[in-house]
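K.L.:
Just passing along the structure, written as structure tokens.
The values are calculated or read from the model by the stated rules, or taken from the named source; none is laboratory data. Small disclaimer: the values here were computed from a predicted structure and weren't measured. Positions of Cβ are generated from backbone atoms using ideal geometry, with glycine treated the same way; all protein chains shown enter the neighbour counts.
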């Protein structure tokens, strides 16, 4: 069984909602759509207070190269263009819309019918993906059209579709692969055409045998697409780890995957691309897993962007009594939310509820130099050294130790028998070194 | 036996002589002529190497001072915050110049979001550094502008002039020890600490809040936040108060310490330090308890122990605690 070589951990999988079909969540009364939901430059709002909007209407424009448009996920009246709390507790600009009915833009094809034929050229596909505001739905929210524009002198050879879903608990990609497999395959075809490659591999971890079987069967009708089963290991869903696992190639330090001829997209992105190109539907809803050991009926919801997290929790029966932490994303890389008012954004893959006992960190002890963190680091870094240097503010040495290569998977902190906050210090180092590098390139 | 000894002595001696000649010429060729005044100036400086003057250390400051004196014949723009006017006067004298007296300054903490005023809503379990906590989230109280209470400023202080108050969770400046080197200002990721003129009899009035959110939002997280109501702005007879982004700021150069703005503030966000108690009783708003306590601590040395000593004890206890957290 293929997998990446160095490092990795295997946390308890806890895929509680793996067999629960995707259900559309009831529309909220008011949605809060942050106007900047992607990596790169912030977008600019194009609606104002009192405007009537329809589902799928453009509400914020991303004009910079690395930026994405944002569309309304509901129909109704713009209550105001203000600020809304984000997952970190800081306020970010957002469009707040009072929901009325569910009136879609006429250009969107609402039918369930499968549209297999791809009638667009390469440039049209890229343009369409840009227009529909598609970003990477794996979590990093990198604008998808940028990925399709291969820089000059580089050549894309293979497209990797990421169906790994290595984070414990989350099942949104798994369900999508089970229920929308054809659409994902057509989306993959579109991405292949957009990139100009004739080979695509869908990487799926071995703990989803049903999805592997289902997709492998359907693949036979699609030239060039194959399914690759992978050994269960976290963080296999990381771009660089997936490339290593599937193709055996290693992305050089500080470079992008295109350096080794690879482009990686999530299955969710492939589905969104299908809807955008074939059905003219902008990215305004996504599948979100709502799960946790305390919840009786974990669910996979199809949620409109901007819906407050509190409504998702309400839909699974309300907040259980001894909830200690609400996490947006998976338990390994997710972020603890500061309030239930935080809206679902394009990058929200799951809402995870921890009970009081699960939500606290292990007591802090001294480092015993066991080097387990070094063993599990998938990027071949030395987390203990990086954390120490960062604690002592030796930024130049932190940079020399390749801190910017860290993918923040958290394996080091997870595995540390002394419960040292290694990733926290490495993040601090990354932040500072990033600042230093930016200043250097300015001067 | 003797022969070996003689050869050794002669050869070593020869090497010595040759090396001496080489070194003599090298020393001549690469001689650095340094102004003896630099040494003189450096001697007068406090040798704290704190960097408060903007130079890496006292030696660099001395070099810069001497070169400026040589070139322009004045010491404009140079100030040793640790030594203050006294030391600058001595230096000027040594260089045969006159120095303009600069107003002494002191660090003030512009946040009053104590545990009491801005209760914790979430629990932070990460490493005890403000910088990381600031990048991670808006903090335990939810105020994105307020003090995180993890003590980066206290750790940066080289003069034992700050400590964390355990009861309020806020840093306190010990004015006697503060030399206004600005290390804490740089260390604070939220720019809460500001250097302000000490003022007459070290009396100061300032807005103890830097929250730029709209009033309601600010008040939601902290009951002593500046809500941008402009009451102080309207009452100030000297135009010392400016309003910017829902936040009042008192210019210490223009402020005449009339204290008219203090009772106007509906949230008690304006602080007066080291003033005698007011004559008329303002029964409308009794000053907040912990504010009083903090003022008293800063104001007067008790008979038994000086504030410096109390602070030192607290500081040691604090350091011990921090150590526990870090290790």
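K.L.:
Taking the condition of being within 14 Å of another protein chain (Cβ to nearest Cβ) and part of a helix (DSSP H, G or I), how many residues in the stretch A:413-429 meet it?
P.N.:
Number satisfying all stated conditions: 9.
K.L.:
Kindly indicate the residue of the stretch B:12-37 that is modelled with pLDDT under 90 and assigned to a helix (DSSP H, G or I) and also nearest to residue B:81 (Cα to Cα) among those meeting that condition.
P.N.:
Among those that are modelled with pLDDT under 90 and assigned to a helix (DSSP H, G or I), it is B:37.
K.L.:
Looking at A:393, A:357, which is the one that is more than 26 Å from residue A:165 (Cα to Cα) and more than 26 Å from the chain's Cα centre (by Cα)?
P.N.:
Numbers: A:357 fails: more than 26 Å from residue A:165 (Cα to Cα).
Every option except A:393 fails the conditions.
K.L.:
Could you please give the count of residues in the stretch A:78-95 that are more than 10 Å from every other protein chain (Cβ to nearest Cβ), buried (at least 17 other Cβ atoms within 10 Å of the Cβ) and more than 22 Å from residue A:41 (Cβ to Cβ)?
P.N.:
1
K.L.:
Among A:432, A:438, which is the only one that is more than 10 Å from chain B (Cβ to nearest Cβ) and either touching a strand residue (DSSP E or B) at 6+ places or on another chain (Cβ under 8 Å) or surrounded by fewer than 21 Cβ atoms within 10 Å (Cβ to Cβ) (or both)?
P.N.:
A:438
K.L.:
Right, another one. Residues to consider are B:139, B:149; find the one that is surrounded by 23 or more Cβ atoms within 10 Å (Cβ to Cβ), over 18 Å from residue B:52 (Cα atoms), touching a helix residue (DSSP H, G or I) at 6+ places or on another chain (Cβ under 7 Å) and not assigned by TED's automatic domain parsing to the domain that holds residue B:54.
P.N.:
On the way: B:149 fails: touching a helix residue (DSSP H, G or I) at 6+ places or on another chain (Cβ under 7 Å).
It is B:139.
K.L.:
Pairs needed: first member in the stretch A:162-174, touching a residue at least 60 places away in the same chain (Cβ under 8 Å); second member anywhere, surrounded by fewer than 24 Cβ atoms within 10 Å (Cβ to Cβ) and part of a helix (DSSP H, G or I); C-beta distance under 9 Å; at least 6 residues apart or different chains.
P.N.:
Close Cβ pairs satisfying both conditions: A:162/A:239; A:163/A:212; A:174/A:210.
K.L.:
What number of residues within the stretch B:207-256 are out of contact with any helix residue (DSSP H, G or I) (no Cβ under 6 Å at 6 or more places or on another chain), in a helix (DSSP H, G or I) and either surrounded by fewer than 18 Cβ atoms within 10 Å (Cβ to Cβ) or within 14 Å of chain A (Cβ to nearest Cβ) (or both)?
P.N.:
Counting residues in the stretch B:207-256 that are out of contact with any helix residue (DSSP H, G or I) (no Cβ under 6 Å at 6 or more places or on another chain), in a helix (DSSP H, G or I) and either surrounded by fewer than 18 Cβ atoms within 10 Å (Cβ to Cβ) or within 14 Å of chain A (Cβ to nearest Cβ) (or both) gives 8.
K.L.:
Oh, and also: Hey, does the stretch A:26-48 have a residue that's on the phi > 0 side of the Ramachandran plot, touching a helix residue (DSSP H, G or I) at 6+ places or on another chain (Cβ under 9 Å), surrounded by fewer than 18 Cβ atoms within 10 Å (Cβ to Cβ) and part of a loop (DSSP other than H, G, I, E, B)? Spell out how you get there, then give the answer.
P.N.:
Filtering the stretch A:26-48 for residues on the phi > 0 side of the Ramachandran plot gives A:40.
If we keep only those that are touching a helix residue (DSSP H, G or I) at 6+ places or on another chain (Cβ under 9 Å) too, we end up with A:40.
The next check asks that each one be surrounded by fewer than 18 Cβ atoms within 10 Å (Cβ to Cβ); those that pass are A:40.
Subset that is part of a loop (DSSP other than H, G, I, E, B): A:40.
Yes, there is a match, as at least one residue in the stretch A:26-48 is on the phi > 0 side of the Ramachandran plot, touching a helix residue (DSSP H, G or I) at 6+ places or on another chain (Cβ under 9 Å), surrounded by fewer than 18 Cβ atoms within 10 Å (Cβ to Cβ) and part of a loop (DSSP other than H, G, I, E, B).
K.L.:
For residue B:85, are the conditions met, namely being surrounded by fewer than 18 Cβ atoms within 10 Å (Cβ to Cβ), in a helix (DSSP H, G or I) and either within 14 Å of chain A (Cβ to nearest Cβ) or touching a strand residue (DSSP E or B) at 6+ places or on another chain (Cβ under 7 Å) (or both)?
P.N.:
Details: surrounded by fewer than 18 Cβ atoms within 10 Å (Cβ to Cβ): yes; in a helix (DSSP H, G or I): yes; either within 14 Å of chain A (Cβ to nearest Cβ) or touching a strand residue (DSSP E or B) at 6+ places or on another chain (Cβ under 7 Å) (or both): no.
Here the answer is no, as residue B:85 does not meet what is asked.
K.L.:
Any idea which residue in the stretch B:103-115 is nearest to the other protein chains (Cβ to nearest Cβ), counting only those that are in contact with a strand residue (DSSP E or B) (Cβ under 7 Å, 6 or more places away or on another chain) and assigned to a loop (DSSP other than H, G, I, E, B)?
P.N.:
So in the stretch B:103-115, the residues in contact with a strand residue (DSSP E or B) (Cβ under 7 Å, 6 or more places away or on another chain) come out as B:103, B:105-110.
Still in the running and assigned to a loop (DSSP other than H, G, I, E, B): B:103, B:110.
On the way: B:103: 32, B:110: 19 Å.
So the residue we want is B:110.
K.L.:
Identify all residues within the stretch B:196-206 that are outside any loop (DSSP other than H, G, I, E, B) and either within 14 Å of another protein chain (Cβ to nearest Cβ) or free of Cβ contacts under 8 Å to residues at least 60 places away in the same chain (or both); write none if there are none. Spell out the reasoning first.
P.N.:
Here is the first cut: in the stretch B:196-206, the residues outside any loop (DSSP other than H, G, I, E, B) are B:196-197, B:200-202, B:204-206.
Once the filter is applied, which keeps residues that are outside any loop (DSSP other than H, G, I, E, B) and either within 14 Å of another protein chain (Cβ to nearest Cβ) or free of Cβ contacts under 8 Å to residues at least 60 places away in the same chain (or both), the stretch B:196-206 yields only B:200.
K.L.:
Considering only residues of the stretch A:362-373 that are more than 14 Å from chain B (Cβ to nearest Cβ) and touching a residue at least 24 places away in the same chain (Cβ under 8 Å), which is farthest from the chain's Cα centre (by Cα)?
P.N.:
A:370
K.L.:
Moving on. Could you count how many residues in the stretch A:150-174 are crowded, with 24+ Cβ neighbours inside 10 Å and either assigned by TED's automatic domain parsing to the domain that holds residue A:65 or not in a strand (DSSP E or B) (or both)?
P.N.:
Going through the stretch A:150-174 one residue at a time, the tally reaches 10.
K.L.:
So which residues in the stretch A:334-344 are closer than 21 Å to residue B:134 by Cβ and buried (at least 21 other Cβ atoms within 10 Å of the Cβ)?
P.N.:
Within the stretch A:334-344, A:334, A:336, A:337, A:338, A:342 qualify.
K.L.:
Among the residues of the stretch A:162-219, count how many are more than 19 Å from the chain's Cα centre (by Cα) and at positive phi.
P.N.:
Within the stretch A:162-219, residues that are more than 19 Å from the chain's Cα centre (by Cα) and at positive phi number 1.
K.L.:
Further, regarding this structure: Going through the stretch A:193-220 one residue at a time, which ones are in contact with a strand residue (DSSP E or B) (Cβ under 8 Å, 6 or more places away or on another chain), closer than 25 Å to residue A:113 by Cβ and crowded, with 24+ Cβ neighbours inside 10 Å?
P.N.:
A:200, A:202, A:211, A:215, listed by residue number.
K.L.:
Which of the strands (runs of 3 or more DSSP E) found entirely inside the stretch A:268-361 contain at least 1 residues meeting this: more than 14 Å from chain B (Cβ to nearest Cβ) and over 19 Å from residue A:24 (Cα atoms)?
P.N.:
Working: elements: A:285-291, A:299-304, A:323-328, A:350-355.
Qualifying strands (runs of 3 or more DSSP E): A:350-355.
K.L.:
How about the stretch A:4-25: which of its residues are in a loop (DSSP other than H, G, I, E, B) and surrounded by 15 or more Cβ atoms within 10 Å (Cβ to Cβ)?
P.N.:
Correct list: A:4, A:7, A:8, A:11, A:13, A:14, A:15, A:16, A:17, A:18, A:20, A:25.
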